[in-house]
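Notes follow once the structure below has been shown.
The values are calculated or read from the model by the stated rules, or taken from the named source; none is laboratory data. Keep in mind the model is a prediction, meaning the values are calculated, not measured. Please note: Cβ atoms are built from the backbone with ideal geometry, for glycine as well, and neighbour counts cover all protein chains shown. What goes into the accessible areas is simple: the full protein's heavy atoms, side chains included, and nothing from ligands, DNA or RNA. Shrake-Rupley method; radii C 1.70, N 1.55, O 1.52, S 1.80 Å.
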Amino acid sequence: MKVRALLAASIAAVCLTIGVPAQQPSSALPYTVVSKDARRPLPVRVVGGQEMFALDDLARMFGLTVRDDTAAGAITVTSGAQTIVLSPQQPLASISGRMISLPAAPVREGRSWFVPVDFVSRALAPIAASRIELRKPSRLVLSGDIRMPRVAARVEPLGSLTRVTLDVAPSTPHTVSQDGQRIIVRFDADALDAADLRTATTTDTFQSIRAGDAPQIVTIDVGPRFASFRAADQAAAAGGTRIVIDLVSMTETPTPPGTPATPPAQPANPETPPLLDLPPAGGLRAIVIDAGHGGDDVGAKGAQGTLEKNVTLSVARRLKAALEARLGVRVLLTRDGDQAVASDQRAALANNNKADLFISLHANASVRPVVSGAEVFYLALDGYGEQGQRAAQASPETLPVVGGGSREIEITPWETAQARHLEQSAAFARSVEAALREHVTMSPRSIQQAPFRVLVGANMPAVLVEMGFLTNGAQEQQLVSDQYQNAVAQALVDAIVRFRAVAGTR
Amino acid sequence: MNRRQAAIAAIVIFGIVAAWILFIGLPRWYSARRERVVAEAAAPAGGAQPAVRKITATLFYVSDDGMALVPVQREVAFGATTPEQARAIVEAQLTAAVPQVSAIPAGVTLRGVFITERGDAFVDLSGDITAKHPGGSLDEIFTVYTLVNALTVNLPAIQRVQILVDGKEVDTLAGHVDLRHPLAKSLEWVIHDTH
């Protein structure tokens, strides 16, 4: 007995000595919350090796209500009409019934609760009324409609010239100009996120690169032998831009005056990896909205004469406006008038513009007038047999290249492009279903798979939304109303915001 | 010794007789009986007209709540070959059957049925199938799978079904379901418990 008691005591002692320092919170460099009109520090505590924000700080900055329901063992965070439920013991949060994972469970210290930094991107951003974006590398939280592209730089001496490469994400309009001994890169933005700007290189044409005097400027100080510069832009990964600026030395190129002193800046090797570690969350650049039917193809008809083609176009226009205003994303419509559009053309618009999402809008019909409610579809592959299965599992093919060696290329059959995106389409369909359910009544078959013609050729996550049944009298009246059309558009915006957040934290 | 040989012979003879009954006699008797039963079922009640043979087939109609297809057992004309039987089943499916509600618009006629060696059936329907279709994803799914399931459920020789309109391959009936390939049976759209 004595031995056992001794053992227990020593185990307890070991646990205490290990456990206490781990639980002891310590401070870390604060984050900065940047909004249109202010920059405010957001303190960070390190608890158990995890960087954490105080829920009270987040509540103050983002207008949240935090309720500590000790009896139920839950912490409720409310933003507008949306609620996040946290449980003190678990690294999980429930956002309007959907579970997301967190890197650690919330921690209580005194009267305050602390949540991992990722809570902001995974839980808060998806439900917030305005944009909230967490940028861990630069320790920033962007709040509201602020344009703050990330900028990173690399400097390489290349013989007679020095090449400065700037990666900018997302793509931002800019000008490059010379001002005495400085090259000024001015961006059309509110501020720059330029934490990755430092470089140790100096050459005879390049001295330093730094954030400029104004918040939207990057300044390059040129060296004593600098003669001229050439700048060129090229598209970079994940919707960014790469600006290549070549600084040319004066002695190496004794060219007659009047002719350009340098050859144009060569586009950088496309194989060069991006300087910025771009999250896929920033990858939503273009969305294609497909207004179903059109022209002679009127689609389903209501008893009071409502035509499906008119309802789909009206909602598509509303959705486009809402997405552009709220997400600043490029939105393309497969038709913006009453014309017939072939199915292949609809998918082709999305594929050719490298859209990130494809949403086809429709209104339903049934031989039974009682049927009502909205439905979400994604593609079922079983109609496409072996061809579809092969496309889903396709791996890059290796082709020999002239001069030896080989090169991997990926062949995507147009016919079954969607096969590769089924999993993402299913996830997006679930997002859409959940968001629609908050705004409109769903049919008992709220989420389904079918071999739909318009979806199969889309080379990106794609869903088809049946907004309601025109063959149901009450629903026909709803479908033509501003209120219902806005509710559907709002639900789809919410779904895209959430899908983007989840896809980005994966 | 003599008694023992006689006993062995008796056992062998008994074995042969038993085997004949089990493997030849009984199956013959049963099949004869089944044919008689089918013939009786197919015979019209009046008895004066020539016998029209019928089979029982599973056809599909839209459920009361409009959310599924319901399998319904109905008598369908007997076809001696698979294409003939397929034709009879589709024609029965195209015929109005009050109080059932069909997902196929009234007035659609069958132009022909072709079956390939791979078990793909091509069902050629009149243009009314598109012209009179009310549209909507759910109804179009029900229209397509009424025909696909009616053939694949009743005829094991048919694996997949492709719908043609006026003799031509079509993209869709009303803008949704991809009809460029033959479709396999899908019971996802069918209510199971009434089966």
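Numbers below:
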item: Taking all pairs of distinct alpha-carbon atoms in the stretch A:63-162, Kirkwood radius in angstrom; result: 15.7
item: For residues of A:298-307, the mean tally of beta carbons on other chains within 10 Å; result: 2
item: Distance histogram for the stretch A:131-248 (every C-alpha pair counted, 10 angstrom bins, percent rounded to whole numbers); result: 14, 47, 30, 8, 1
item: Sequence-distant residues sharing a close amide H with residue A:207 (under 5 Å, placed H); result: A:221, A:222, A:223
item: Gain in span if fully extended, residue A:108 to residue A:154, counting 0.36 nm per residue against the direct Cα distance; result: 12.3 nm
item: In sequence order, calculated HN-Hα J values of the stretch A:113-130 (Karplus, 6.51, -1.76, 1.60; Hz; x Gly/Pro); result: 9, 10, 10, x, 3, 5, 3, 5, 7, 8, 10, 6, 4, x, 9, 5, 5, 10
item: Along each principal axis, Cα extent of the stretch B:68-195, largest first, Å; result: 36, 34, 26
item: Accessible area buried at the B-A interface, both sides summed, 1.4 Å probe (Å², nearest 100); result: 2500
item: Local net charge near residue A:455, Cβ-Cβ under 10 Å (Lys/Arg +1, Asp/Glu -1); result: 0
item: Net +/- balance of residues flanking residue A:114 in space, Cβ distance below 10 Å, scoring K and R +1, D and E -1; result: -2
item: From phi via Karplus (6.51, -1.76, 1.60), per-residue ³J(HN,Hα) for the stretch A:346-358 in Hz, x at Gly/Pro; result: 5, 5, 5, 4, 5, 5, 5, 9, 6, 5, 8, 9, 10
item: Net length gained if the chain between residue A:477 and residue A:195 were fully extended (0.36 nm per residue, minus Cα distance); result: 96.1 nm
item: Amide H contacts of residue A:287 (H built 1.01 Å from N, under 5 Å, at least 5 apart or other chain); result: A:330, A:331, A:332, A:356
item: 5 angstrom amide H check on residue A:469, placed H, neighbours 5+ away; result: A:364, A:373
item: Phi-based couplings in Hz for the stretch A:427-438 (Karplus 6.51, -1.76, 1.60; Gly and Pro marked x); result: 5, 5, 4, 5, 4, 5, 4, 5, 5, 4, 4, 6
item: Other protein chain Cβ atoms within 10 Å, averaged over every residue that makes up B:66-77; result: 2
item: Summed side-chain charge close to residue A:44 - residues other than residue A:44 whose Cβ falls under 12 Å, Lys, Arg +1, Asp, Glu -1; result: +1
item: Partner chain coverage, peptide A:360-371 - average Cβ within 10 angstrom; result: 6
